Amino acid sequence: MDVTLVTALRDLLNGPAAAVAIYRCVGEPGQQRWLTRARLHADDAVATADSLWVDPDSLPALAEHPRRLECLTQRSVLQQRENNEWVTLFPLATEREVVGVLELHTARRLKADAQRMVSSVLRIYHNFQGLLDYSERDTLTGLLNRKTFDESFLKAVSELPMRSLAAQDEHGEDRRHAAVHPRYWLGVIDIDHFKSINDRFGHLIGDEVLLLLSRLMRSSFRFNDLLYRFGGEEFVVLMRCEDEPDAAHAFERFRLNTAQYAFPQVGRITVSIGFTQIRAGDSPAAAFERADKAVYHAKGAGRNQVQSHATLVAQGTMSEASHLSDVELF
C-alpha cells in the first residue's frame with residue numbers, strides 16, 4: 001500500500017515531484033530508527049524499500065533526520081528549502097499514533113492547493129489503512145491474525161532454496177552470498193494454565209493478560225519479527241536469524257520477561273514455547289505441527305520452558321513426523 005501511495009502521488013503531482021518517499025518509525029523507545037517503506041524518484045520505474053528483515057542497527061536513528069522527527073512529533077506539515085529543491089513533510093498517522101512521515105522533494109515550493117490535495121490523499125490512505133488493520137490484526141492485542149500467516153510463511157520458504165543451492169556450491173563467493181540469507185524460525189507460545197486464570201478471575205482479566213502479554217512480545221522481540229495471535233492463549237512468532245542458539249535466546253528472553261512480569265490481580269504467569277527451523281518446501285501446517293509438538297513436550301516436562309523440536313529429535317525424545325503434503329490446508 002505504501003508503494004501504491006508514493007506512485008499515485010508522483011503521478012498526481014506530475015512535474016513538481018522529483019521524489020516521493022515514506023519513512024516509518026520502528027523499534028522500541030530510545031532505539032527507534034527510520035525504515036524506508038517506499039521511495040520513488042521521478043525517473044524510477046519501480047519503488048525501492050528497506051527489506052522487512054533488515055538489521056535494525058543498519059537503519060538511521062531518528063535524530064539523524066531532525067526535520068522528519070519534528071514532523072513526527074508535532075504532527076504538522078513542514079516545508080524547507082534544501083540546496084536547489086524544496087522538501088515537504090507530512091505526518092502519517094493511524095487511529096492510535098503517528099507512525100511515519102511522507103517526504104516530497106520538489107523543484108518549487110509546494111503550493112497550498114497541492115498540499116491540500118496531498119492531505120486529502122493521505123486521509124483516504126489513513127482510512128484504508130484502518131480497514132486493512134481491522135482485517136489483518138487481532139482486535140484485542142493488535143498483533144497479526146492467523147489468516148495473514150500463510151502469505152508471510154510462504155514468502156519466507158521461497159527464499160530458502162537459494163540458500164540450499166549456494167551452500168552446496170564449492171565457490172567461496174556463493175557461500176558468502178548464502179550468509180546474507182539467514183534461516184527462518186517458527187515459534188509457538190502457549191500461556192500455562194490460562195483456563196484457570198479465566199475461571200478464577202473472569203474473562204475480562206483474562207483478556208487483560210492477553211493484551212499485556214502481546215505488549216511483552218513487542219518489547220521482547222525485534223520490530224521486524226512477525227508476531228501473531230492464533231486465538232485463545234496461543235501466539236506464534238515468525239523470525240529470521242542465523243542459527244538455533246540465536247532463536248533459542250530470543251524465545252528464552254521472552255519467557256524470562258513473562259515470568260518476571262507482575263500481571264495486575266493475576267500476579268505471575270508463565271509460558272511454554274516450542275520452536276522449529278523452517279525448511280525448504282515446508283508447508284505452514286508441517287512447520288506449525290513441529291513447533292506445536294515441542295510446546296506439548298515443554299508442558300509435559302514442567303511448563304515455563306523453551307524447547308527446540310530439532311533438539312528433541314536429536315535426543316531421541318521425539319520422532320520426526322512424516323512430511324505433510326504441501327497442498328494440505330492450514
Selected residue (criterion: farthest from residue 191 (Cα to Cα)) from residues of segment 270-281 that are out of contact with any Ser or Thr (no Cβ under 7 Å at 6 or more places or on another chain) and part of a loop (DSSP other than H, G, I, E, B): 281
Residue in segment 16-25 that is out of contact with any Leu (no Cβ under 7 Å at 6 or more places or on another chain) and without any contact (Cβ under 8 Å) to a residue 60 or more places away in the chain present: no
Residue match in segment 33-51 (condition: touching a helix residue (DSSP H, G or I) at 6+ places or on another chain (Cβ under 7 Å), open to solvent by less than 60 Å² (accessible area, probe 1.4 Å), within 19 Å of residue 226 (Cα to Cα) and of a type in the set (Phe, Trp, Tyr)): yes
Some residue of segment 88-101 being in a loop (DSSP other than H, G, I, E, B) and over 23 Å from residue 226 (Cβ atoms): no
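Filtering segment 33-50 down to residues that are part of a loop (DSSP other than H, G, I, E, B) and closer than 23 Å to residue 61 by Cβ, which residue is nearest to the chain's Cα centre (by Cα)?
The selected residue is 50.
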Subset of segment 189-211 [open to solvent by 20 Å² or more (accessible area, probe 1.4 Å), within 19 Å of residue 146 (Cα to Cα) and either of a type in the set (A, V, I, L, M, F, W, C) or without any contact (Cβ under 8 Å) to a residue 12 or more places away in the chain (or both)]: 211
Filtered residues of segment 228-262 (kept if open to solvent by less than 40 Å² (accessible area, probe 1.4 Å), more than 17 Å from residue 183 (Cα to Cα) and in a helix (DSSP H, G or I)): 254, 255, 258, 259
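The values are calculated or read from the model by the stated rules, or taken from the named source; none is laboratory data. Everything numeric in this text was worked out from a predicted model, so none of it was measured. Neighbour counts are summed over all protein chains in view; Cβ atoms, including those assigned to glycine, are modelled from backbone coordinates with ideal geometry. Each accessible area value is taken on the protein alone, full model and side chains, heavy atoms only, with ligands, DNA and RNA left out. Shrake-Rupley method; radii C 1.70, N 1.55, O 1.52, S 1.80 Å.
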